[in-house]
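Student: Structure in structure tokens, see below.
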Amino acid sequence: MSTVFIVGGSGQVAKHVAKQLQPSDWSVHALYRSESQEQELKALGATPVWGDITTLSVDELAQLFQGSDHIIFSAGAGGKGDETLTNKVDGEGLTKSVLAAQQANISHFILVSAFPEAGRTAALGDKFENYIRVKKYSEYELTQSALNWVILRPGQLTDASGTGQVKVGYALPSGNNPISREDVAATLLALLKQPKIHHKIIELTQGDTAVEHALEEFI
Ligand SMILES: NC(=O)c1ccc[n+]([C@@H]2O[C@H](COP(=O)([O-])OP(=O)(O)OC[C@H]3O[C@@H](n4cnc5c(N)ncnc54)[C@H](OP(=O)(O)O)[C@@H]3O)[C@@H](O)[C@H]2O)c1
């Protein structure tokens, strides 16, 4: 049995991960912060773990991580809202999670990040620019750690049904680059099951290659 701990476990991508990992010999520990999410996570077969990333200390987070084999960080404050929250969740939350993973001796760490150059043809506004800055700095911090990290940069997330067909690359042209959350989750599953892939920054959009084949070039 392998256990993956998802920071941002109540998020939409994370819930697809939990759904797609059931039934299997994987267990999902999902960080959540609002009581209403507890039953939904249980119904998906996940183990809900209560905590707010903005107030948890590194030690407390490491205790919650203890016993897990993999970490997925998929938390985010939404990007377009309060910059302070983006800094605390997407930024400091990632920093704490990296330190906590090291403290809990968990080496495999997957960060759900974002296309750094998305929407560059438009004026994005200060909040979105801050979001991209924070995501980029979080990536940098993770790459400086001793962890076996993977950074997955999905394009524009959609709620369309997954097709199982994606395009991946070290750097994909940005522009109209949608990817369904369901397919982001399928790609995360493939990465979880292929720990030989690490120290890679992978961009992801919808495409025409089956997820499991698409990642072969990164092994
Ligand atoms: N939207 C896009 O087009 C796009 C594109 C590329 C990458 N991304 C990134 O992809 C990731 C996953 O996307 P998604 O659609 O699954 O996002 P989502 O549904 O908004 O999930 C975000 C998760 O972060 C959690 N979170 C926020 N503040 C928190 C806090 N203080 N403590 C603990 N957890 C907290 C949320 O918990 P609550 O449910 O309690 O709020 C939720 O579980 C995000 O990091 C996002 O930045 C998004």
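The values are calculated or read from the model by the stated rules, or taken from the named source; none is laboratory data. Keep in mind that what you see is a predicted model, and the values were worked out from it rather than measured. Neighbour counts are summed over all protein chains in view; Cβ atoms, including those assigned to glycine, are modelled from backbone coordinates with ideal geometry. Please note that ligands, DNA and RNA were not included when accessible areas were found on the heavy atoms of the full protein model with its side chains. Shrake-Rupley method; radii C 1.70, N 1.55, O 1.52, S 1.80 Å.
Results for (1) more than 21 Å from LYS80 (Cβ to Cβ); (2) open to solvent by less than 60 Å² (accessible area, probe 1.4 Å), shown as yes or no for each residue.
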{"site": "THR121", "(1), (2)": "no, no"}
{"site": "LEU124", "(1), (2)": "no, yes"}
{"site": "ALA171", "(1), (2)": "yes, no"}
{"site": "HIS199", "(1), (2)": "yes, no"}
{"site": "ALA210", "(1), (2)": "yes, yes"}
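Student: Residue by residue through the stretch 174-197, note down the ones that are under 24 Å from GLN22 (Cβ atoms), open to solvent by 10 Å² or more (accessible area, probe 1.4 Å) and among the polar types (S, T, N, Q).
Tutor: GLN194
Student: State whether one or more residues within the stretch 25-43 are small (Gly, Ala, Ser), within 24 Å of ILE179 (Cβ to Cβ) and either within 11 Å of the ligand (Cβ to nearest atom) or touching a Pro at 6+ places or on another chain (Cβ under 6 Å) (or both).
Tutor: So far as the stretch 25-43 goes, yes, one or more of its residues are small (Gly, Ala, Ser), within 24 Å of ILE179 (Cβ to Cβ) and either within 11 Å of the ligand (Cβ to nearest atom) or touching a Pro at 6+ places or on another chain (Cβ under 6 Å) (or both).
Student: Are there helices (runs of 4 or more DSSP H) fully within the stretch 118-219 with at least 2 residues that are closer than 26 Å to LYS88 by Cβ and without any contact (Cβ under 8 Å) to a residue 60 or more places away in the chain? List them.
Tutor: 125-143
Student: If you scan the stretch 135-153, which residues turn out to be closer than 21 Å to LEU172 by Cβ, open to solvent by 10 Å² or more (accessible area, probe 1.4 Å) and within 15 Å of the ligand (Cβ to nearest atom)?
Tutor: Answer for the stretch 135-153, where residues must be closer than 21 Å to LEU172 by Cβ, open to solvent by 10 Å² or more (accessible area, probe 1.4 Å) and within 15 Å of the ligand (Cβ to nearest atom): LYS135, LYS136, GLU139, ARG153.
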